[in-house]
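Structure first, then comments.
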Amino acid sequence: MTSRFRPARFQIPRFQTVLFILLVAASAVMGGLLWRQLDRAHQRLLRGEDSAPTQAPQVAPAEQATLLVANDADNSLLTQVDTLPLPQDPGARARLILGKLLDLYAAPDAAHPVPGGSTSVAQVFLLPAPSLPGNPNSTDPKSAEPKSSAAAAATGPLLAVVNFAGAFADSHPSGIETENLTLQSISGTLHANLPRVTEVRFLVDGQSRPTLAGHADLTGTYLATDAVPTEGAHP
Amino acid sequence: MKNSPNGPRNPLRTLLLASLLPGSLVARIPVAPVLGVVLAAGLAAAQAPAPPTAPQPAPAPQPPRFLVVLDAAHGGDDPGGHLGSQSEKTFTLALSVRLRSLLGARGIQVLTTRESDATLDLNRRAEIANHANAQACLSLHASMTGSGIHVFAAAMAPAPATRFAAWKTAQAAWVTRSLALAGLINSTLQQAGLTVTLGRTALPAVDSMTCPALAIEVAPDTSAGANRADSFTDPAYQARIAEALAAALLEWKTEAHQP
């Protein structure tokens with residue numbers, strides 16, 4: 001009885017009811033489509049991610065690497081030859097050798113104690129040295145010589161850009177001698193194992209930084225072939 | 001002062017005026033009487049009997065100015081390395097003050113880059129040294145690594161002096177003199193019984209200095225016991241270093257004044 005006398009304003013019009021049902025149905029259909037697309041994408045991802053080895057792991061042959069190990073006691077660099085597996089790629093090779101060098105410095109009884117170890121070198125990039133003929137940055141007037149830049153890049157001197165991890169620079173001991181020895185030993189080690197590397201630049205977390213730990217200049221280019229001073233000798 | 005109709009009252013002023021004025025005006029000024037007055041005065045002074053005075057000795061030639069710049073590294077917001085209980089900036093300032101006193105007592109002019117715990121940019125340090133036109137510039141540092149005294153000169157190759165030098169390699173024209181100073185300081189420190197390590201490095205402040213410039217890094221004494229940081233609180237060790245550096249700079253001054 002009450003519904004019979006209900007005012008018309010309380011009744012939902014039929015077209016609104018139909019519209020509501022249609023919207024709910026459309027939402028359900030779209031949700032289903034979305035779920036199906038997601039499932040397809042997941043399946044596609046799984047198919048592309050083949051975890052099975054496609055190539056047999058290559059065991060790099062063990063080779064000899066020459067390390068120039070710093071010694072704080074007399075401000076010297078001592079040559080040490082280690083044997084370790086090295087890849088053929090020069091950049092990866094350089095990074096592994098420097099990692100080995102920095103592992104020595106991270107040892108408890110190191111003559112040049114520097115924390116960090118092998119993870120301190122994030123990358124080593126090898127680029128044609130700026131003095132290389134054909135290099136657009138070259139200031140050498142001989143750049144115009146008709147020597148092929150590709151051939152020159154294959155045989156000419158290289159600039160190594162060593163990118164340190166920020167934690168390494170932040171934890172490096174402060175001092176002229178210790179910072180200088182770290183940079184000299186890295187430069188000398190790179191040149192000893194990759195003789196084409198004649199110049200070295202240093203970055204920290206991919207950025208240029210004024211000094212390593214408050215002293216040694218990191219904005220300039222270090223010559224890898226620089227002579228190393230010894231105790232008591234005049235520089 | 002007014003001029004009389006026949007001529008000025010001050011003859012010297014008239015002469016000065018005549019030399020400054022153009023010819024047409026000079027011609028109107030009666031110069032002859034003035035010259036006569038001046039010449040007469042000069043003649044009278046020449047004829048007057050000279051008072052008996054002792055013969056004046058020839059003035060001694062002034063020795064060339066000798067100035068040393070002492071740069072206490074770090075300071076203010078930049079503490080430098082940690083040397084046990086104190087920071088590098090505190091030690092270098094104390095050494096700079098002590099060395100300044102010793103050099104002053106030996107008659108050597110000293111300019112310090114900082115006299116307090118103040119932040120000083122590396123470029124500003126080089127600017128101070130370069131404006132001073134000094135004969136020696138020492139950048140004082142300290143470190144817990146190594147032992148004895150580390151003496152560093154710039155690592156760049158010598159280059160001839162030019163009128164305009166690149167800021168970052170301005171030291172190149174002075175490297176030869178810097179190496180000579182390093183040799184002198186090396187021998188003096190060794191005579192004082194200190195262990196010396198010589199080296200070359202790239203330091204932003206020293207590389208921009210246009211004077212014989214070195215970085216002197218004090219490391220713990222070789223005879224220090226288990227606690228190497230004790231060297232930095234030992235006044236005797238600091239005094240030995242300062243005395244030896246002062247002696248070396250005095251010898252450098254003597255060599256600089258030799259023809």
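The values are calculated or read from the model by the stated rules, or taken from the named source; none is laboratory data. These numbers come from a predicted model, not from an experiment. All Cβ positions, glycine included, derive from the backbone under ideal geometry; neighbour counts span all protein chains shown.
How many residues does the range A:161-208 contain that are assigned to a strand (DSSP E or B) and more than 14 Å from chain B (Cβ to nearest Cβ)?
Within the range A:161-208, residues that are assigned to a strand (DSSP E or B) and more than 14 Å from chain B (Cβ to nearest Cβ) number 9.
On the given criteria, is residue B:199 more than 7 Å from chain A (Cβ to nearest Cβ), under 12 Å from residue B:149 (Cα atoms) and either among the small types (Gly, Ala, Ser) or crowded, with 21+ Cβ neighbours inside 10 Å (or both)?
no
Assess whether residue A:122 counts as being surrounded by fewer than 20 Cβ atoms within 10 Å (Cβ to Cβ), touching a Pro at 6+ places or on another chain (Cβ under 8 Å) and either at pLDDT below 90 or over 21 Å from residue A:64 (Cα atoms) (or both).
For residue A:122, the condition - surrounded by fewer than 20 Cβ atoms within 10 Å (Cβ to Cβ), touching a Pro at 6+ places or on another chain (Cβ under 8 Å) and either at pLDDT below 90 or over 21 Å from residue A:64 (Cα atoms) (or both) - is not met.
Out of B:90, B:113, report the one residue that is more than 16 Å from residue B:128 (Cα to Cα) and buried (at least 18 other Cβ atoms within 10 Å of the Cβ).
One residue alone meets the criteria, B:90.
Scanning the range B:82-96 for residues that are out of contact with any strand residue (DSSP E or B) (no Cβ under 7 Å at 6 or more places or on another chain) and touching a residue at least 24 places away in the same chain (Cβ under 8 Å), which turns out farthest from the other protein chains (Cβ to nearest Cβ)?
Among residues in the range B:82-96 that are out of contact with any strand residue (DSSP E or B) (no Cβ under 7 Å at 6 or more places or on another chain) and touching a residue at least 24 places away in the same chain (Cβ under 8 Å), the one farthest from the other protein chains (Cβ to nearest Cβ) is B:94.
Could you please let me know if residue B:178 is more than 18 Å from the chain's Cα centre (by Cα), modelled with pLDDT of 95 or more, small (Gly, Ala, Ser) and assigned by TED's automatic domain parsing to the domain that holds residue B:139?
Criteria not met by residue B:178.
Which condition does residue B:182 not pass, out of (1) of a type in the set (A, V, I, L, M, F, W, C); (2) without any contact (Cβ under 8 Å) to a residue 40 or more places away in the chain; (3) more than 9 Å from chain A (Cβ to nearest Cβ), if it passes all the others?
(3)
Considering only residues that are surrounded by fewer than 15 Cβ atoms within 10 Å (Cβ to Cβ) and in contact (Cβ under 8 Å) with a residue 24 or more places away in the chain, which ones fall in the range A:93-112?
Hits for the range A:93-112: nothing passes.
Return the only residue of B:132, B:73 being surrounded by 16 or more Cβ atoms within 10 Å (Cβ to Cβ) and within 10 Å of chain A (Cβ to nearest Cβ).
None of the other options fit; the residue is B:73.
Filter the range B:55-107 down to residues that are of a type in the set (D, E, K, R) and assigned to a strand (DSSP E or B) and give me whichever is modelled with the lowest pLDDT.
B:78
If you take the residues in the range A:141-160 that are assigned to a loop (DSSP other than H, G, I, E, B) and touching a strand residue (DSSP E or B) at 6+ places or on another chain (Cβ under 8 Å), which one is modelled with the lowest pLDDT?
A:156
For the structure I just gave you, tell me whether residue B:169 is within 11 Å of chain A (Cβ to nearest Cβ), more than 16 Å from residue B:80 (Cβ to Cβ) and buried (at least 24 other Cβ atoms within 10 Å of the Cβ).
When the stated conditions are applied, residue B:169 does not pass them.
To keep it simple, each residue is scored yes or no on (1) small (Gly, Ala, Ser); (2) touching a residue at least 60 places away in the same chain (Cβ under 8 Å); (3) more than 11 Å from chain A (Cβ to nearest Cβ); (4) in a helix (DSSP H, G or I).
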site: B:128; (1), (2), (3), (4): no, no, yes, yes
site: B:147; (1), (2), (3), (4): yes, yes, no, no
site: B:156; (1), (2), (3), (4): no, no, no, no
site: B:163; (1), (2), (3), (4): no, no, yes, no
site: B:177; (1), (2), (3), (4): no, no, yes, yes
site: B:205; (1), (2), (3), (4): yes, yes, no, yes
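For residue B:219, which of the numbered conditions (1) of a type in the set (Gly, Ala, Ser); (2) more than 20 Å from residue B:104 (Cα to Cα); (3) free of Cβ contacts under 8 Å to residues at least 60 places away in the same chain fails to hold?
All conditions pass for residue B:219, except number (3).
In the range B:165-173, is there at least one residue being hydrophobic (A, V, I, L, M, F, W, C), in the same structural domain as residue B:252 (by TED's automatic domain parsing) and touching a strand residue (DSSP E or B) at 6+ places or on another chain (Cβ under 9 Å)?
yes
Report whether or not residue B:229 is more than 11 Å from chain A (Cβ to nearest Cβ) and in contact with a His (Cβ under 9 Å, 6 or more places away or on another chain).
In short, yes.
Output the number of residues of the range B:207-220 satisfying the condition of being within 14 Å of residue B:122 (Cβ to Cβ) and within 11 Å of chain A (Cβ to nearest Cβ).
3
One line per residue, one yes/no per condition, for (1) modelled with pLDDT under 95; (2) away from every other protein chain (no Cβ under 14 Å):
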position: A:46; (1), (2): yes, yes
position: A:55; (1), (2): yes, yes
position: A:63; (1), (2): yes, yes
position: A:73; (1), (2): yes, no
position: A:87; (1), (2): yes, yes
position: A:93; (1), (2): yes, yes
position: A:105; (1), (2): no, no
